[in-house]
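Report on one structure; see the data block that follows.
The values are calculated or read from the model by the stated rules, or taken from the named source; none is laboratory data. What you see is a predicted model, and the numbers here were worked out from it, not measured in a lab. Every residue, glycine among them, receives a Cβ derived from its backbone with ideal geometry; neighbour counts consider all protein chains shown. Quick note on the areas: whole protein, heavy atoms, side chains included, nothing else; ligands and nucleic acids left out. Shrake-Rupley method; radii C 1.70, N 1.55, O 1.52, S 1.80 Å.
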Amino acid sequence: MNEYLQKVLTQTEQNNANELEYLQAVNEVLGSIEPVVEANEDLYKKTALLERMVEPERIITFRVPWVDDSGQTQVNRGYRVQFSSLIGPYKGGLRFHPSVNQSIMKFLGFEQIFKNALTGLPIGGAKGGSNFDPKGKSDNEIMRFCQSFMTELYRHIGQDVDVPAGDIGVGGREIGYLFGQYKRIRNAYEGGVLTGKDICYGGSLARKEATGYGLIFFMREMLAANNLSLEGKTVIVSGSGNVAIYAAEKAILNGAKVVTMSDSNGCIYDPNGIDLNLVKQIKEVERGRIKEYQKVHPNAQYLKNNAGEDSPIWTIKADIALPCATQNEISLNSAKKLVENGIIAVGEGANMPCTSDATNYLLEKNILVAPSKAANAGGVATSAIEMSQNSMRYYYTFDEVEAKLEKIMINIFKACNNAANEYNKKGNYVAGANIASFKKLADAMLAQGIV
Ligand code: NDP
Ligand code: 2IT
């Protein structure tokens with residue numbers, strides 16, 4: 001590896017020891033950009049360009065005290081990693097999940113910089129959240145938590161400063177409570193401070209569908225470039241949240257058959273094709289568990305997750321896999337199983353769902369991999385369209401937003417494909433996405449001086 005790149009990698013490892021997810025994300029990007037670095041080595045070295053790229057502009061952590069329904073005070077930790085404001089206000093989701101820690105926040109914030117650059121829209125990169133576990137909490141507990149979280153976060157965000165949105169555990173309900181508290185503290189309606197708002201108070205049509213739909217638009221382009229299509233393909237989808245549901249919906253609209261969905265307890269396998277309306281009822285309305293699917297469709301199989309073992313979902317035979325749950329959900333062993341079963345493409349709806357060795361294995365076996373920072377960028381792109389509608393004090397129709405999203409995803413695929421071809425990595429869209437976004441960010445960094 002190039003000496004300068006190697007030096008920065010080693011330094012990053014030393015400075016962030018124990019932050020495994022963050023180091024995984026940095027390794028993947030830096031591992032892809034060697035030819036660009038070699039061509040600009042002196043300038044990058046002199047301006048410490050890579051060293052600046054891997055150091056967040058700001059990390060905020062804070063205490064979030066709240067009172068549960070029994071009257072007991074609870075304390076969680078809140079985060080906002082404002083990674084880069086190079087090309088726009090900090091932008092990225094909030095995750096509420098017990099696994100949240102600084103490494104996960106930094107990996108997500110780092111990925112977000114590159115993803116947001118690929119959208120072609122003026123948004124920087126950030127991520128935030130809390131180790132709060134929304135599971136089993138009452139609506140009032142969720143509201144009190146969100147209000148306490150915002151009571152600290154409000155001073156760090158703003159529609160031209162930093163614009164949070166949803167992620168795991170944060171959907172329309174949570175964004176509503178967060179927005180209400182922000183508005184109350186600020187005594188101003190600043191619509192563009194959060195995205196993923198409900199339509200009735202400033203949200204964008206098609207934002208809810210955007211990440212999943214965008215993933216399928218990207219898959220359609222990637223498959224077409226390789227003389228393939230979604231028509232008639234069997235698809236396994238993991239997760240049953242926002243991204244999974246709308247990826248499944250659009251895949252079905254494109255003629256594919258989706259046979260699985262999952263949550264952290266296990267997966268359902270319905271060889272006849274998933275009943276998506278039922279999944280929406282269970283997950284979006286009742287906030288229940290995926291196992292309940294079997295009550296209505298007793299012929300569907302339920303495969304339980306076993307602690308410490310790979311999810312059984314990746315052992316099910318299919319043409320296309322869409323991991324839409326969480327990071328590192330596809331291990332090397334699962335990747336081997338997918339290949340053994342004849343998979344042709346993997347579309348990453350979740351952020352960094354494959355371990356590094358899984359990604360490398362899939363690429364070695366010539367499996368088409370749609371990398372998360374490109375393939376799931378439709379969500380944040382539509383968030384930026386929500387911000388622009390808020391600034392204009394105007395609304396687009398569903399079809400108008402979807403058409404813009406489709407165009408953006410087509411352009412992202414082209415950018416990844418062109419960069420892969422230009423740098424002798426034909427068909428490697430992982431490298432293509434990293435190179436295309438890095439070049440844009442490097443140019444912006446050089447243009448703005450040492451900041
Ligand atoms: P949701 O909270 O709506 O759904 C998450 C789903 O994944 C649930 O089914 C959940 O199951 C499952 N899941 C979460 N954590 C784990 C885990 N540790 N192990 C197994 N299953 C798990 O989140 P989203 O759909 O919004 O997010 C899913 C992924 O997509 C994340 O990686 C997120 O970063 C990414 N993403 C989201 C975007 C968005 O716009 N929402 C945009 C781009 C990427 P359970 O209910 O049991 O926890
Ligand atoms: O990972 C992501 O891109 C998101 N969770 C969406 C972020 C956003 O600002 O819409």
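Below is a table of values for the structure above.
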item: CD proxy at 222 nm, helix term only [per DSSP H run n ≥ 4: -39500 (n - 2.57); per residue of the chain; nearest 500]; result: -14500 deg cm²/dmol
item: Table column - 3J(HN,Hα) (Hz), region 62-69, Karplus curve with 6.51, -1.76, 1.60, x for Gly and Pro; result: 8, 7, 10, x, 7, 10, 7, 5
item: Accessible area (Å², per residue) of region 272-426, counting only protein heavy atoms and a probe of 1.4 Å; result: 47
item: Rounded to whole Hz, the Karplus (6.51, -1.76, 1.60) HN-Hα couplings of region 289-305, x for glycine and proline; result: 9, 5, 4, 4, 3, 5, 4, 8, 10, x, 7, 6, 8, 10, 10, 7, 6
item: Amide H partners (placed H, <5 Å) of VAL237, local residues excluded; result: VAL259, THR260, LEU322
item: Burial ranking of peptide ranges 203-216, 411-424, 274-287, 61-74 (average Cβ count within 10 Å, highest at the top); result: 203-216, 411-424, 274-287, 61-74
item: Under 19 Å from LYS233, Cα to Cα: lysines that are on another chain or at least 8 residues apart; result: LYS250, LYS257, LYS317, LYS337
item: Cα gyration tensor category, rounded, prolate or oblate, for region 239-391 with a/c compared to 1.5; result: oblate
item: Beta bridges per DSSP with both ends in region 85-198, % antiparallel, nearest 5; result: 20
item: Amide hydrogen neighbours beyond the local backbone of VAL67, cut-off 5 Å, H modeled; result: GLN74
item: Three-way shape call for the chain based on the alpha-carbon gyration tensor, with the a/c threshold at 1.5; result: rounded
item: Mean-position separation - Cα centroids, region 330-363 and region 200-244, in angstrom; result: 18
item: Lysines whose Cα lies under 19 Å from that of LYS426, excluding same-chain neighbours fewer than 8 positions away; result: LYS365, LYS373, LYS414, LYS439
item: Distance in nm between pseudo-label sites at LYS46 and ARG289 (7 Å out along the Cβ direction from Cα); result: 6.2
item: Highest to lowest packing among 387-398, 163-174, 334-345, scored as the average C-beta count within 10 Å; result: 163-174, 334-345, 387-398
item: At least 15 Å along the helix axis (C-alpha) and Kyte average at least 0.5, DSSP helices within the chain; result: 242-253, 429-447
item: Heavy-atom accessible surface of the chain: percent carbon and sulfur, 1.4 Å; result: 47
item: Cβ-defined net charge surrounding GLY192, 10 Å radius [Lys, Arg +1; Asp, Glu -1]; result: -2
item: Protection proxy ranking, peptides 311-321, 36-46, 100-110, average beta carbon neighbours within 10 Å, highest first; result: 100-110, 311-321, 36-46
item: Estimated inter-spin distance, SER356 and ILE199, nm [label 7 Å along Cα→Cβ]; result: 4.5
item: Amide N of region 245-265 lying under 13 Å from the label point, which is placed 7 angstrom from the Cα of GLU231 along Cα→Cβ; result: 254-256
